[in-house]
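First comes the structure, then the notes that go with it.
The values are calculated or read from the model by the stated rules, or taken from the named source; none is laboratory data. Given the structure is predicted, the values throughout are model-derived calculations rather than measurements. Here the Cβ positions follow ideal geometry from the backbone for every residue, glycine too, while neighbour counts run over all protein chains shown.
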Amino acid sequence: MSLFKTQYDWVRRTRESLFTYCESISSEDYVKELDSFGGDSIRSLHVHVAECYHGWLGARALGKSLPPIPPESIQNVQEMREVFRKTDELVEEFLKKFEDKWDQSVEVTFRNGDRADFTSLWLFTHTTTHEFHHKGQIVKIGRQLGYVPGDTDLIEPEVKESARV
């Protein structure tokens with residue numbers, strides 16, 4: 001198994017703990033836009049995270065044409081899980097394409113016409129750290145709305161019994 005696939009599996013397991021937390025939040029609060037977060041909601045931050053993966057890994061690195069995800073098209077955590085199921089498929093495709101080619105450059109053209117080269121390692125690192133940044137914001141919004149989170153930090157790898165001795 002590749003190192004980055006293992007790393008992304010940890011990200012997915014950690015995301016699952018966040019989804020479990022979000023399921024404790026009412027549907028009204030899940031979509032509530034907070035002025036203290038620039039009008040963002042938990043839902044809109046989740047969509048933003050998915051679109052980051054879609055934009056950097058899907059469109060730029062894999063050359064896919066992916067439609068935007070209107071936040072209002074997602075009504076609850078179950079629907080958001082489906083968005084991320086598709087996102088996971090995209091990440092897996094990216095990981096397969098760039099396995100053992102982490103220093104390969106990907107040329108990116110921005111909307112204003114500027115261009116830059118990013119390595120596939122940078123693209124993967126950017127998208128996963130970006131998700132964790134917004135995970136913290138999602139937990140903070142939930143706290144502001146009165147929901148106490150469980151542990152949503154990076155899930156630790158399973159320790160084999162023989163390793164504990």
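So is VAL91 within 21 Å of ARG13 (Cβ to Cβ) and either exposed (fewer than 13 other Cβ atoms within 10 Å of the Cβ) or without any contact (Cβ under 8 Å) to a residue 60 or more places away in the chain (or both) or not? Outline the logic, then answer.
On the way: within 21 Å of ARG13 (Cβ to Cβ): yes; either exposed (fewer than 13 other Cβ atoms within 10 Å of the Cβ) or without any contact (Cβ under 8 Å) to a residue 60 or more places away in the chain (or both): no.
No: the conditions fail for VAL91.
If only one of ARG43, ARG60, ARG15 is of a type in the set (Lys, Arg), touching a helix residue (DSSP H, G or I) at 6+ places or on another chain (Cβ under 6 Å), surrounded by 15 or more Cβ atoms within 10 Å (Cβ to Cβ) and at negative phi, which one is it?
Values: ARG60 fails: touching a helix residue (DSSP H, G or I) at 6+ places or on another chain (Cβ under 6 Å); ARG15 fails: touching a helix residue (DSSP H, G or I) at 6+ places or on another chain (Cβ under 6 Å).
Matching residue, one of ARG43, ARG60, ARG15: ARG43.
Right, ILE141: crowded, with 18+ Cβ neighbours inside 10 Å and in contact with a Lys or Arg (Cβ under 6 Å, 6 or more places away or on another chain) or not?
Answer is no for this residue.
Inside the range 95-134, can you point out the residues that are among the acidic types (Asp, Glu) and either in a helix (DSSP H, G or I) or in contact with a helix residue (DSSP H, G or I) (Cβ under 9 Å, 6 or more places away or on another chain) (or both)? Please lay out each step first, then the result.
To start, the set of residues in the range 95-134 that are among the acidic types (Asp, Glu) comprises 99-100, 103, 107, 114, 117, 131.
If the condition is that a residue be among the acidic types (Asp, Glu) and either in a helix (DSSP H, G or I) or in contact with a helix residue (DSSP H, G or I) (Cβ under 9 Å, 6 or more places away or on another chain) (or both), then GLU99, ASP103, GLU107, GLU131 are the ones that fit.
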- Note on the structure: Of (1) of a type outside the set (A, V, I, L, M, F, W, C); (2) touching a residue at least 60 places away in the same chain (Cβ under 8 Å); (3) farther than 19 Å from ASP40 by Cα; (4) in contact with a strand residue (DSSP E or B) (Cβ under 9 Å, 6 or more places away or on another chain), GLU107 fails just (2)
- Task: Return the pairs, sorted by first residue and then second, in which the second residue is polar (S, T, N, Q) and at pLDDT below 95, the first residue lies in the range 1-24 and is within 15 Å of VAL83 (Cα to Cα) and assigned to a helix (DSSP H, G or I), the beta carbons are less than 6 Å apart, and the residues are 6+ apart or on different chains.
- Result: LEU18/THR152
- Kindly indicate whether any position in the range 51-61 is within 25 Å of LEU145 (Cα to Cα) and among the hydroxyl-bearing types (Ser, Thr, Tyr). no
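Return the total of residues in the range 65-80 being outside any helix (DSSP H, G or I) and either loosely packed, with under 14 Cβ neighbours inside 10 Å or among the polar types (S, T, N, Q) (or both). Walk me through it before giving the result.
Of the range 65-80, the ones outside any helix (DSSP H, G or I) are 65-70, 74-76.
Remaining after also requiring either loosely packed, with under 14 Cβ neighbours inside 10 Å or among the polar types (S, T, N, Q) (or both): 65, 67-68, 70, 75-76.
Counting residues in the range 65-80 that are outside any helix (DSSP H, G or I) and either loosely packed, with under 14 Cβ neighbours inside 10 Å or among the polar types (S, T, N, Q) (or both) gives 6.
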- Query: Can you tell me which of LYS32, LYS86, LYS97 is among the basic types (Lys, Arg), farther than 18 Å from VAL139 by Cβ, over 15 Å from the mean Cα position of the chain (by Cα) and surrounded by 12 or more Cβ atoms within 10 Å (Cβ to Cβ)?
  - Reply: LYS97
